[in-house]
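In what follows, a structure is listed as structure tokens, so that the remarks can point back to it.
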Amino acid sequence: MTKILITEDDETIRTALAVILSDNGLCPITASSCEQALQLFDECDLCLLDLMLPGGSGLDVLKQIRSKSNMPVMIISCMDDNSDIAKGLDMGADDYVTKPFSGQVLVSRINALLRRSGGFANDMPDGLTASEQRLYSYFTLNKGRVLTRDQLLAHMWDSKGEYVSDNTLSVAVNRIRSKLAGHGRIVTVKGVGYKWEDL
């Protein structure tokens, strides 16, 4: 069964999240502090990470997780502060939801994130950020197909368009190209988008 680490200091919210996950066939593992989260994350498949935690910040936990693992991390926060969310995404978080949110939406986002992370290639190039990993995975899963810029943006950022521009996609593609080192190549299809080709 897929194990989801719930890192949340509020017991009521933590319990409610555990019930939602259990009811949807997922196995919740709970942590109420940074210390507990760091002890438990390596046995889980995905982490739901609150930014406000005893013993430090959720961003500190995220930094530690990213130093050791590529497991998917979804920020859950009551702070509707774009700069905090953006900082978390820049540090390697894969998605976020802000409280309050519906259980149905949360489970859908978790399942989508698990599907994307499950598609990551075992021979992924070194040094890719979380967003670059998602983009690389999407290219390789659709090799030979022309992917439009709109498709790529929708896959990578979903409804978070406020954090990305068309130019950001171009920059991300160029960064991946610089790290491929024999893994394949991303070909520009002028006026349309890009496609992946194996070497």
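The values are calculated or read from the model by the stated rules, or taken from the named source; none is laboratory data. Predicted model only: the values in this text are computed from it and were never measured. As a convention, Cβ positions derive from the backbone with ideal geometry for all residues, glycine included, and neighbour counts pool all protein chains shown.
Among the residues of the stretch 45-65, how many are out of contact with any Pro (no Cβ under 6 Å at 6 or more places or on another chain), under 28 Å from residue 83 (Cβ atoms) and not in a helix (DSSP H, G or I)? Number satisfying all stated conditions: 11.
Of 27, 78, all but one fail to be surrounded by fewer than 18 Cβ atoms within 10 Å (Cβ to Cβ) and closer than 16 Å to residue 100 by Cα; the exception is 78.
Just to check your reading of the model, which residue among 38, 17 is closer than 22 Å to residue 129 by Cα, modelled with pLDDT of 90 or more and surrounded by 17 or more Cβ atoms within 10 Å (Cβ to Cβ)?
Details: 17 fails: closer than 22 Å to residue 129 by Cα.
After applying the criteria, what remains is 38.
If you scan the stretch 173-199, which residues turn out to be touching a residue at least 40 places away in the same chain (Cβ under 8 Å) and touching an Asp or Glu at 6+ places or on another chain (Cβ under 9 Å)?
Just the residues of the stretch 173-199 that are touching a residue at least 40 places away in the same chain (Cβ under 8 Å), to begin with: 175-176, 179-181, 183-184, 186, 189, 192-198.
Scanning the stretch 173-199 gives 175, 176, 179, 181, 183, 184, 186, 193.
Quick check on my filter: what residues within the stretch 181-198 are touching a strand residue (DSSP E or B) at 6+ places or on another chain (Cβ under 9 Å), modelled with pLDDT of 90 or more and not charged (D, E, K, R)? Hits for the stretch 181-198 are 186, 187, 188, 189, 192, 193, 194, 196. Looking only at the stretch 136-151, decide whether some residue is more than 21 Å from residue 70 (Cβ to Cβ), among the basic types (Lys, Arg) and at pLDDT 85 or above. Yes, the stretch 136-151 has at least one match. Taken over the stretch 47-72, residues that are modelled with pLDDT under 95 and either within 15 Å of residue 2 (Cβ to Cβ) or not assigned by TED's automatic domain parsing to the domain that holds residue 102 (or both) amount to 2. Of all residues in the stretch 11-31, those satisfying the criterion of being assigned to a loop (DSSP other than H, G, I, E, B) and out of contact with any strand residue (DSSP E or B) (no Cβ under 8 Å at 6 or more places or on another chain) are 24, 25.
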